[in-house]
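Notes follow the structure.
The values are calculated or read from the model by the stated rules, or taken from the named source; none is laboratory data. What you see is a predicted model, and the numbers here were worked out from it, not measured in a lab. FYI the Cβ positions are ideal-geometry reconstructions off the backbone, even for glycines, and counts take in every protein chain you see. We work out accessible area using only protein heavy atoms, side chains counted, and drop any ligands, DNA or RNA first. Shrake-Rupley method; radii C 1.70, N 1.55, O 1.52, S 1.80 Å.
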Amino acid sequence: MRVRGYAPATPCWAEYAAADTGVAAAFYSGLFGWAPGEVFTLDGRAVAGMVPGQPGRPGAWLGYVSAPSADDMVATVVEAGGSVLAPPHDRGGMGRAALVTDAEGAVFGLWQRGSLGGAEAANEPATMCWTEVVTWREDTAVDFYGKAFRWSERKSEIAEGVDHIEWFIDSRVVGGMSVMDERYPAGTPAHWRITFEVADCAATVARCTELGGMVQIGPLELPVGDYALLTDPQGGSFGVIALSDAILATRL
């Protein structure tokens with residue numbers, strides 16, 4: 001489905017920082033069928049971005065939140081307890097961006113639209129379908145994102161003993177939160193995680209390893225679909241999910 005724009009304070013875009021953009025282009029083109037470039041496209045629609053990363057550092061996916069004014073939203077983030085890594089700056093004619101952290105140090109971006117409002121495709125395979133904050137301190141995240149974006153949390157049980165935490169504004173779900181525990185290595189920093197929809201989770205996992213990636217978790221059978229957490233050849237982590245028939249039926 002083509003997306004024309006995003007409401008304020010809504011995750012809208014994902015960008016991959018790659019030490020070797022050629023390796024990244026080959027991997028993600030082979031995995032998702034994207035046409036590579038500064039902007040990855042799917043059937044002519046922008047689905048994700050790619051920028052050069054720092055040599056010697058692992059690749060990383062960065063999520064962006066839509067901002068009517070990047071400058072104003074940076075001020076709001078700071079007031080909420082976050083910090084600024086890169087102040088608002090123009091990205092050619094595509095838009096205006098800033099790089100910030102939440103109160104626990106999780107890095108994310110702010111995006112003020114120009115010619116690009118964010119991902120132009122959604123609700124289909126090979127597109128971003130979910131973003132979540134992965135944090136050690138739930139209370140700190142709830143306080144920060146509530147102040148910065150008016151996000152509230154809502155919990156349900158996705159599996160026995162496992163909470164599924166959603167962020168929402170009014171009745172509109174905008175993303176999620178995962179709280180780290182002893183299953184995570186000590187010192188794992190708070191971060192944002194990007195998940196892409198796929199048609200077949202098992203086949204995507206197999207293709208990932210063929211292309212030089214690795215499997216961190218899964219595939220797992222969850223009520224919402226079959227999920228896996230993967231790593232690309234440069235160390236960038238991302239999720240994939242083949243949504244359940246029940247979820248897909250809600251789109252009809």
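A compact table of results
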{"item": "Ranked by how many other beta carbons lie within 10 Å on average, peptides 31-39, 108-116 from highest", "result": "108-116, 31-39"}
{"item": "Inter-part distance where the range 66-126 and the range 195-252 are each reduced to a Cα centre, Å", "result": "26"}
{"item": "Cα-centred dipole magnitude for the range 113-224, charges only on beta-carbon of K, R (+1) and D, E (-1), debye, nearest 20", "result": "440"}
{"item": "Most mobile of 55, 125, 223 in a GNM of the chain (Cα contacts under 10 Å)", "result": "55"}
{"item": "Surface accessible to a 1.4 Å probe, per residue, for the residues of the range 79-152, Å²", "result": "40"}
{"item": "Point-charge dipole on Cβ atoms (K/R +1, D/E -1) for the range 170-252, about Cα centre, debye to 20", "result": "180"}
{"item": "Percent accessible area from carbon and sulfur atoms, the chain, protein chains only, probe 1.4 Å", "result": "54"}
{"item": "Assigned charges on the beta-carbon of Lys, Arg, Asp, Glu; the range 45-102 dipole about Cα centre (debye)", "result": "340"}
{"item": "Environment charge of residue 143, counting only residues whose C-beta is closer than 13 Å and scoring Lys/Arg +1, Asp/Glu -1", "result": "-3"}
{"item": "Choice from 14, 119, 25 showing the highest fluctuation, given a GNM over the chain with Cα pairs closer than 10 Å", "result": "25"}
{"item": "Accessible area in square angstrom per residue, the range 1-56, 1.4 angstrom probe", "result": "43"}
{"item": "Gyration tensor (alpha-carbon) shape descriptor, the chain, a/c threshold 1.5", "result": "rounded"}
{"item": "Per-peptide average of other Cβ atoms within 10 Å, ordering 184-192, 43-51 highest first", "result": "43-51, 184-192"}
